Structures are given as C-alpha cells and as structure tokens.
Amino acid sequence: MEKDELLKEIEKLLSFDGNPTTINPDYLAYFSIEELESIKKGLEEKYEKMVEENFEWLQQFKKES
C-alpha cells in the first residue's frame, strides 16, 4: 500500500466522529510505510475497542428494559 493511501485511511479513522480530519501530505516524508501501517493498526484497534465498549453499554439498557 502506498503512503498516500495509508494517509487517507488514517484520516478516515480519525474522522470517525463526523468531524473531517485532514493531515498535511507533506508529513509523509517523515514517516516510513511501516510507521504509517503501525499508526493505522493502532487507530483500528482503538476504534474496535470503542465500538465494543459502546455495544456493551447499549446492552445494559436492553437488560434493564
């Protein structure tokens, strides 16, 4: 995967709350592909954890109803 594609995916993950996030593409010169992949993976893990926690929180209301 190319650096610019990884940057777009990272921007998308950072924009999960509906607020668009734009990262200056000039920063790509400072990161290796491996570093960008690591950043992306870390964001994906945080996103998945957040979704799971929100699901568990919503399930509490189902049990109480």
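Look at Lys63 and say whether it is part of a helix (DSSP H, G or I) and modelled with pLDDT of 90 or more. Talk me through it step by step, then tell me what you get.
Values: part of a helix (DSSP H, G or I): yes; modelled with pLDDT of 90 or more: no.
So Lys63 does not fit the description; no.
Any chance you could count how many residues in region 29-60 are surrounded by fewer than 10 Cβ atoms within 10 Å (Cβ to Cβ) and modelled with pLDDT under 85?
Of the residues in region 29-60, the ones surrounded by fewer than 10 Cβ atoms within 10 Å (Cβ to Cβ) are 29-30, 34, 55-58, 60.
If we keep only those that are modelled with pLDDT under 85 too, we end up with 55-58, 60.
Qualifying residue count, region 29-60: 5.
Cβ contacts < 9 Å: first residue of a type in the set (D, E, K, R), restricted to region 14-38; second residue loosely packed, with under 12 Cβ neighbours inside 10 Å, any location; separation 6+ or different chain. Result?
Listed pairs, sorted by first residue: Glu37/Met1.
Hey, among Phe16, Phe61, Phe55, Phe31, which residue is touching a Lys or Arg at 6+ places or on another chain (Cβ under 8 Å) and of a type in the set (Phe, Trp, Tyr)?
Of the residues listed, the single one that is touching a Lys or Arg at 6+ places or on another chain (Cβ under 8 Å) and of a type in the set (Phe, Trp, Tyr) is Phe31.
Residues in region 15-26 that are out of contact with any Leu (no Cβ under 8 Å at 6 or more places or on another chain) and either surrounded by fewer than 10 Cβ atoms within 10 Å (Cβ to Cβ) or closer than 15 Å to Glu5 by Cα (or both): how many?
So the first thing to find is which residues in region 15-26 are out of contact with any Leu (no Cβ under 8 Å at 6 or more places or on another chain), and the list is 15-20, 22, 24, 26.
Still in the list and also either surrounded by fewer than 10 Cβ atoms within 10 Å (Cβ to Cβ) or closer than 15 Å to Glu5 by Cα (or both): 17-20, 22, 24, 26.
Total satisfying the criteria: 7.
In region 10-30, is there at least one residue being of a type in the set (Ser, Thr, Tyr), out of contact with any Asp or Glu (no Cβ under 8 Å at 6 or more places or on another chain) and part of a loop (DSSP other than H, G, I, E, B)?
Quick first cut of region 10-30, residues of a type in the set (Ser, Thr, Tyr) only: 15, 21-22, 27, 30.
Narrowing further to those that are out of contact with any Asp or Glu (no Cβ under 8 Å at 6 or more places or on another chain): 15, 27, 30.
Next, only the ones that are part of a loop (DSSP other than H, G, I, E, B) stay: 15.
Looking through region 10-30, at least one residue is of a type in the set (Ser, Thr, Tyr), out of contact with any Asp or Glu (no Cβ under 8 Å at 6 or more places or on another chain) and part of a loop (DSSP other than H, G, I, E, B).
The values are calculated or read from the model by the stated rules, or taken from the named source; none is laboratory data. All values derive from a computational prediction rather than experimental measurement. Backbone-built Cβ (ideal geometry, glycine too); neighbour counts: all protein chains shown.
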